[in-house]
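Working notes, structure below.
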Amino acid sequence: MNLLRRLGRSQLLRSSLCFFVATYVRLVTHTCRWERLGAEIPRRLQAEKQPFIVAFWHGRLLMMGSAWTGGPFHMLISQHRDGQMIAQTIAHFGFKTIAGSTSRGGAMAMRQMIRVLKSGETIGMTPDGPRGPRMRASGGIVDVARLANAVIVPATYTCRGWLLKSWDRFLVPRPFSRGAFLFGAPIPVAPDSDREVTRLAIEAALTQLMAEADRRVGRPQVEPAPQVEPAEEPL
């Protein structure tokens with residue numbers, strides 16, 4: 001265990017691992033047969049200059065960068081060591097990151113996200129991250145959308161591959177297989193919208209979209225974690 005901890009603190013090892021993951025993502029991107037549905041939705045919102053947040057479950061994080069073909073994209077990433085490794089990995093694809101989570105750096109991250117959205121750029125969020133429960137949205141995404149006058153665009157990917165036994169049932173796609181990227185209908189968030197009602201609408205839309213994606217490639221569907229009371233944190 002001490003050896004693993006020392007390896008985890010090695011900047012060289014972390015950088016090498018991030019490079020390997022980015023290379024694997026490129027391999028999967030270019031060798032799989034991808035179906036793309038709803039890609040016109042973010043393009044239309046950008047043309048209309050409507051601020052929007054792309055939301056997807058944490059378990060479907062790995063390939064979502066390959067689904068994005070729009071302008072500048074910022075991801076909300078935890079300040080934890082694992083989050084920083086994700087940040088290093090997505091930097092290989094030119095994506096920017098905003099450091100923060102429900103437990104650390106929340107207020108500062110919220111202010112930064114609002115500035116980014118109002119400047120016309122796009123935010124990506126995993127509303128069940130960084131620690132779950134799986135496929136249960138926190139209310140933070142609603143708060144950001146209300147303050148920035150933004151809509152929520154649900155998104156997901158699926159592919160033949162391996163489903164890890166992690167808290168989020170993280171999907172690792174297999175090269176030379178079949179997959180799909182899906183964007184769903186925008187979810188409006190009015191300044192006076194009910195936080196809990198909107199949170200549940202986002203949760204339902206994301207879960208239904210992922211189920212539809214999995215049906216398209218014949219994957220078993222992932223069940224959400226048991227329902228819990230919504231968190232009170234701002235992010």
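Values quoted throughout were computed directly from the atomic coordinates according to the rules given, and no laboratory measurement underlies them. Here the structure is a predicted model, which is why all the values come from computation and not from measurement. Here the Cβ positions follow ideal geometry from the backbone for every residue, glycine too, while neighbour counts run over all protein chains shown.
Remarks
- Label zone at W162 (point 7 Å along Cα-to-Cβ), backbone N below 15 Å, the stretch 26-41: 28
- Pairs of C-alpha atoms in the stretch 36-132 farther apart than 20 Å represent 34 percent of all such pairs.
- Charged neighbours of I114, selected by a Cβ distance under 12 Å, balance to +2 (K, R count +1; D, E count -1).
- Each peptide among 39-46, 205-212 gets the average number of other Cβ atoms lying within 10 Å of its residues, and from highest to lowest they stand as 205-212, 39-46.
- Using θ = phi - 60° and Karplus 6.51 cos²θ - 1.76 cosθ + 1.60, couplings along the stretch 77-89 (whole Hz; Gly, Pro as x): 10, 4, 7, 5, 4, 4, x, 5, 5, 4, 4, 5, 5
- Distant-in-sequence amide H partners of I53 (H built 1.01 Å from N, under 5 Å): V151, I152, V153
- Residues with amide H under 5 Å from that of E35, placed H, sequence gap 5 or more: G179, A180, F181
- The H on the amide N of F170, modeled in the peptide plane, is under 5 Å from the matching H of L164, each at least 5 residues off or on a different chain.
- Sum of -39500 (n - 2.57) over DSSP H runs of 4+, divided by residues of the chain (222 nm, nearest 500): -12500 deg cm²/dmol
- Antiparallel %, DSSP beta bridges [both residues in the chain], to 5: 30 percent
- Rounded to the nearest Hz, the phi-derived 3J(HN,Hα) couplings of the stretch 10-25 under the Karplus curve 6.51 cos²θ - 1.76 cosθ + 1.60 (θ = phi - 60°) are 7, 4, 4, 5, 5, 5, 5, 5, 4, 5, 4, 5, 4, 5, 5, 4, where x marks glycine and proline.
- Alpha-carbon gyration tensor eigenvalues x 5, square-rooted, for the stretch 137-235, Å: 28, 16, 11
- Charge tally in the Cβ shell below 15 Å around H92, where Lys, Arg are +1 and Asp, Glu are -1, H92 excluded: +3
- Rounded to the nearest Hz, the phi-derived 3J(HN,Hα) couplings of the stretch 27-32 under the Karplus curve 6.51 cos²θ - 1.76 cosθ + 1.60 (θ = phi - 60°) are 4, 5, 4, 8, 10, 8, where x marks glycine and proline.
- Using distinct alpha-carbon pairs, which all enter the 1/r mean, Kirkwood radius of the chain in Å: 18.0 Å
- Selection of chymotrypsin sites (Phe, Trp or Tyr not before Pro), the stretch 50-98, meeting DSSP coil and at most 15 other Cβ within 10 Å: F93
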